[in-house]
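> Questions regarding the structure given below will be posed in turn.
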Number of protein chains: 2
Amino acid sequence: MAESRTDDDLDRFDRQILQILQAEGRISNQALAERVNLSPSPCLRRVRALEAAGFITGYRAEVDPRRLGYGLNVVLHISMDQHTPERFEAFEARVAELPEVVECLLITGQEADYQLRIWVADMDDYQRILLQHITRIPGVSGVHTSFVLRRVMPARGLPPR
Amino acid sequence: MAESRTDDDLDRFDRQILQILQAEGRISNQALAERVNLSPSPCLRRVRALEAAGFITGYRAEVDPRRLGYGLNVVLHISMDQHTPERFEAFEARVAELPEVVECLLITGQEADYQLRIWVADMDDYQRILLQHITRIPGVSGVHTSFVLRRVMPARGLPPR
DNA sequence: TATGAAACTTAGGCCGA
DNA sequence: TCGGCCTAAGTTTCATA
């Protein structure tokens, strides 16, 4: 059984490739090879190896939520009445059914158990989702809402350590 | 001056294209065309139009932070002593210099002004960043930390409304 | 707008260094 | 492991409906 690769198996080429692909996920292999000063074949081999080893987990197009009619980004902190596996499983299943939810984190802390990120059209839309969906999930005992006023910093990738 | 497009200018092809590209950002145009039942040329035209109109803002490779040696994902809620433009600008500039910060949101709420998301190697690494960088930024009057135990739900795109 | 054909570019396998 | 070569596959433009 082969050892699985970790970050310190990566050389400067791999690191550069990861950096560039995090910013430009659809760059052609030729252009990528040129940027890292390799010829196309070894460059492509490295990309495929990074994918196979799980360093790269996928490629995604980024869309502008506002263009799609989502005017309001909301962070919800949610506390549960009981910390039982059943409660958590049921909550997670219900939340996964809501298309507006873009992220759901289980977090530490006394005031919250989950942090949800959702995109909604406007305040009315938010109220609808909160009252008709979120607060009706069994076990939800408290919800704290923050609205995202602005996203600081452009999207940026994680640098290989 | 042309009207800018909004979500209700999108037909079922555009919506489908957006959905697919959010999940598979590097799918070939041919495969994409096949999936939406178009021939490659009009499909590519639509993708380019969606990019030009700002519906698609970019393409990114997704990397696995753990594979890169980041074992701990932290959510920091940060409050500022004074709510002046100077304080905010200075904070944002300092935060943008830290490579571990993957997101910074200006949010509403009495207990916090900013929400940061950072990836660190471990607790020691977290302490270092918190004490040597975050708390030293002028104006930071309070920091509340939550650790991400688990990310619920796989990465998913936003459905066109 | 869609299609289909044609010209061009890229991907990916193979091999020699 | 790299780089070069080669073939297959994909991209992109254009004429046509």
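The values are calculated or read from the model by the stated rules, or taken from the named source; none is laboratory data. These numbers were taken from a predicted model, which means no experiment stands behind them. Neighbour counts run over all protein chains shown; Cβ positions are idealised from the backbone, glycine included.
> Take B:Gly58 and decide whether it is assigned to a loop (DSSP other than H, G, I, E, B) and either within 29 Å of A:Val75 (Cα to Cα) or touching a residue at least 40 places away in the same chain (Cβ under 8 Å) (or both).
Against the criterion (assigned to a loop (DSSP other than H, G, I, E, B) and either within 29 Å of A:Val75 (Cα to Cα) or touching a residue at least 40 places away in the same chain (Cβ under 8 Å) (or both)), B:Gly58 does not qualify.
> Return yes when A:Leu50 is of a type in the set (A, V, I, L, M), within 16 Å of DNA strand D (Cβ to nearest atom) and over 24 Å from B:Ser28 (Cβ atoms) and no when it is not.
no
> Something else about it: Tell me the residue from B:Leu76, B:Leu106 that is in a strand (DSSP E or B) and more than 10 Å from every other protein chain (Cβ to nearest Cβ), please.
From the options B:Leu76, B:Leu106, the qualifying one is B:Leu76.
> I want to confirm something. Restricting to the range A:24-66 and keeping residues that are in contact with a Lys or Arg (Cβ under 7 Å, 6 or more places away or on another chain) and facing chain B (nearest Cβ under 7 Å), which single residue is farthest from A:Met153 (Cα to Cα)?
If we take residues in the range A:24-66 being in contact with a Lys or Arg (Cβ under 7 Å, 6 or more places away or on another chain) and facing chain B (nearest Cβ under 7 Å), then A:Gly54 is farthest from A:Met153 (Cα to Cα).
> Would you please list the contacts, defined by Cβ atoms under 6 Å and residues six or more apart or on different chains, that run from a residue in the range A:5-22 that is within 15 Å of A:Ala52 (Cα to Cα) and at the interface with chain B (Cβ under 9 Å from one of its Cβ atoms) to a residue that is modelled with pLDDT under 95 and part of a loop (DSSP other than H, G, I, E, B)?
From residues that are within 15 Å of A:Ala52 (Cα to Cα) and at the interface with chain B (Cβ under 9 Å from one of its Cβ atoms), the pairs are A:Asp7/A:Pro160; A:Asp7/A:Arg161; A:Leu10/A:Pro160; A:Leu18/A:Pro160.
> Please go through the range B:112-141 and give me each residue that is exposed (fewer than 13 other Cβ atoms within 10 Å of the Cβ), in contact (Cβ under 8 Å) with a residue 12 or more places away in the chain and among the acidic types (Asp, Glu), ordered by number.
B:Asp122
> Can I ask one more? Taking B:Leu149 as the residue in question, decide whether it is at pLDDT 95 or above and more than 7 Å from chain A (Cβ to nearest Cβ).
For B:Leu149, the condition - at pLDDT 95 or above and more than 7 Å from chain A (Cβ to nearest Cβ) - is not met.
> Closer than 21 Å to B:Val75 by Cα and assigned to a helix (DSSP H, G or I): is that true of A:Val148 in this structure?
No.
> Within the bounds of the range A:83-102, is there any residue that is in contact with a His (Cβ under 9 Å, 6 or more places away or on another chain), in a strand (DSSP E or B) and in the same structural domain as A:Ile129 (by TED's automatic domain parsing)?
no
> Here is a further query. With B:Gly58, B:Gly157, B:Gly69 as the choices, which residue is modelled with pLDDT of 95 or more and within 19 Å of A:Arg151 (Cα to Cα)?
Matching residue, one of B:Gly58, B:Gly157, B:Gly69: B:Gly58.
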